[in-house]
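What follows is a short report on a single structure.
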Amino acid sequence: MKKTFLAAACIALGALSTPALADLPVAIAGPMTGQYASAGDQIRKGAEMAIADINARGGVLGEKLTLEVGDDACDPKQAVSVANTMVNKGIVFMHGHWCSSSTIPASDVYAESDIPMATVSTNPQVTERGLKNVFRIMGRDDQQGLVAGNYLASHFKGKKIAVLDDKSAYGKGLADEIAKAMTAKGAKPVLRESITAGEKDYSGIVTKLKQAGVDVLAYGGYHTEVALILRQAQQAGLKLTVMGGDTMTNSELVTAAGPTADNVMFTFSPDPRKNPDAAPIVEKFRAAKIEPEGYVMYAYAAMQLFEQAATKAKSTKYAALEKAMRGGTFKTVIGDLSFDAKGDQKAPGFVVYQWKDGKYDYAK
């Protein structure tokens, strides 16, 4: 009787002394409010679906994932504040930020705290600073700028092309790359200008474009300004074709620009919705009344990357995760991901798209 009691007591004490498995906090960060909030919404929806699916499979190494959401409003100072908050919350993985101007300073905070991060930010400096914790799951501006510039030079021969940017790290970087690629192909821009993002009146630049006889506008920046420029150009009697970058994937552009959105072309990675392996996830999003456009599938893929890297490493500790991410190939809804020494995706690829009737597809 005594032995049985003591054995039971020991078992009970052992159970009490064994810590319960804690949830694993992972995070996303980006513009959850402000003029680019629709992009943040895409990221949130993709991450939430991925985490629900991962947890339904039993989580990561037996622990359920919980999602922390940071709102940087695409402001660099706010991004640093968000990053410090996430460090204090003990996150083990970050997918963010979105604007390159936010990602660059925030990534330094995560690097100092040994937190791995995936990002879709495209400015080359995201991965050119030697940080070991950054993994870019999309291509770079010097890649998409080359594709856009070459396309403009070959498809719009004899047309007057202007290059415009919004002065942001992303926008100016992309516009510079487009202009460089065009010039190398003998299609030097007739105008190279900048605007200030967030303004409501772009009639001044529209007047300049009209006076220069511009047919095509290559734009480095975000969809909100493009919508305004297109509408104001239409009011001024100027018909513009616009070539933008990956941020033009947002259907908010169509809402804001109206029929002139059909004049917008842009570069983006191959459409993950066309990936046969991703078809079940695409259908799952659509069944939930979510169209997996833009960055939705990238956020889903980022969480798959974390899940597979942690499983491979048998750990969520930074050193093990970083080694696994750098050395592995990961099957995701956006295709296979593997990274070079800088943390750039080895085979990013960019193609040219065009908006038509409220949807975007590959340009012909």
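The values are calculated or read from the model by the stated rules, or taken from the named source; none is laboratory data. This one's a predicted model, so the numbers in the text were calculated from it and none came from an experiment. Because the Cβ atoms are built from the backbone with ideal geometry, glycine has one as well, and the counts that use them run over all protein chains shown. Surface accessibility is based on the protein's heavy atoms, side chains included, excluding ligands, DNA and RNA. Shrake-Rupley method; radii C 1.70, N 1.55, O 1.52, S 1.80 Å.
Go ahead and run the numbers for FRET between LYS188 and GLN125, Cβ-Cβ distance against an R0 of 25 Å, rounding to 0.05. Walk me through the numbers on the way to the answer.
Details: r = 26 Å, r/R0 = 1.03.
Using R0 = 25 Å, I get an efficiency of 0.45.
May I ask for the distance between the Cα centers of region 63-111 and region 277-333, given as a whole number of Å? Measuring centre to centre over Cα atoms gives 18 Å.
Across region 26-35, rounded Karplus estimates of 3J(HN,Hα) from the backbone phi angles (6.51 cos²θ - 1.76 cosθ + 1.60, θ = phi - 60°) give 10, 9, 10, 8, x, x, 7, 10, x, 6 Hz, Gly and Pro being marked x. Computed over region 10-159, the convex hull of the alpha-carbon atoms projects to a mean area of 12.4 nm². Would you work out which of ALA197, MET248, ASN150 lies farthest towards the positive end of the dipole of region 142-268, given +1 charges on the beta-carbon of Lys and Arg and -1 on that of Asp and Glu, about the Cα centre? In region 142-268, that residue is ASN150. Ligands, DNA and RNA excluded, the heavy atoms of THR332 present near 20 Å² of accessible surface to a 1.4 Å solvent probe.
About its Cα centre, the dipole of the chain is roughly 620 debye, where the only charges are +1 on Lys and Arg Cβ and -1 on Asp and Glu Cβ.
Can you send over the carbon and sulfur percentage of the accessible area for region 142-268, probe radius 1.4 Å, protein chains only? Write out the running numbers ahead of the final one.
Numbers: 2600 of 5060 Å².
Summing carbon and sulfur atoms, their accessible area is 51 percent of the total for region 142-268.
At R0 = 30 Å, how high is the FRET efficiency between LYS284 and SER81 if r is their beta carbon distance? Nearest 0.05 is fine. That gives a FRET efficiency of 0.30.
For region 68-130, the calculated P(r), taken from all Cα-Cα distances in 10 Å bins from zero up to the bin holding the longest distance, is 25, 62, 13 percent. With the simple spin-label model, which puts each label point 7 Å out from Cα in the Cβ direction, the ASP340 to ALA320 separation comes to 3.0 nm.
Just need log10 I(q)/I(0) for region 195-341 at q = 0.21 Å⁻¹, Debye formula, equal scatterers on the alpha-carbon atoms, no solvent, rounded to two decimals. Reported log10 I(q)/I(0), two decimals: -1.17.
Averaging Cα coordinates gives a centre for region 195-251 and one for region 128-178; these two points are 17 Å apart. Among 144-150, 351-357, the peptide with the highest mean count of other Cβ atoms within 10 Å heads the list, and the full ranking is 144-150, 351-357.
Taking amide H as placed 1.01 Å from N in the peptide plane, the amide H of LEU24 sits under 5 Å from that of LYS64, LEU65, THR66, each at least 5 places away or on another chain. Straight Cα distances below 24 angstrom link LYS45 to the lysines LYS64, LYS89, LYS274, LYS284, LYS289, LYS331, LYS359, with same-chain residues fewer than 8 positions distant left out. From most to least packed by mean Cβ count within 10 Å, the peptides 163-175, 269-281 give 163-175, 269-281. Accessible surface for the chain, divided over its residues, is 43 Å² per residue with a 1.4 Å probe.
Which order do the peptides 130-139, 203-212 take when ranked by the mean count of other beta-carbon atoms within 10 Å per residue, highest first?
Working: 130-139: 21.1, 203-212: 16.1.
Top of the packing list down: 130-139, 203-212.
What are the semi-axes of the equivalent ellipsoid for region 142-268, taken as the square roots of 5 times the Cα gyration tensor eigenvalues, largest first, in whole Å?
Details: eigenvalues 79, 51, 36 Å².
For region 142-268, the semi-axes come out at 20, 16, 13 Å.
Ellipticity at 222 nm from helices only: DSSP H runs of n ≥ 4 in the chain, each -39500 (n - 2.57), divided by the residue count, give -14000 deg cm²/dmol.
Residues whose amide H comes within less than 5 Å of that of VAL264, counting only those at least five positions distant or on another chain, are VAL242, TRP355 (H built at 1.01 Å from N in the peptide plane).
Could you give the alpha-carbon Rg of region 271-329 over 2.2 N^0.38 Å, rounded to two decimals?
Dividing the Cα radius of gyration by 2.2 N^0.38 Å gives 1.34.
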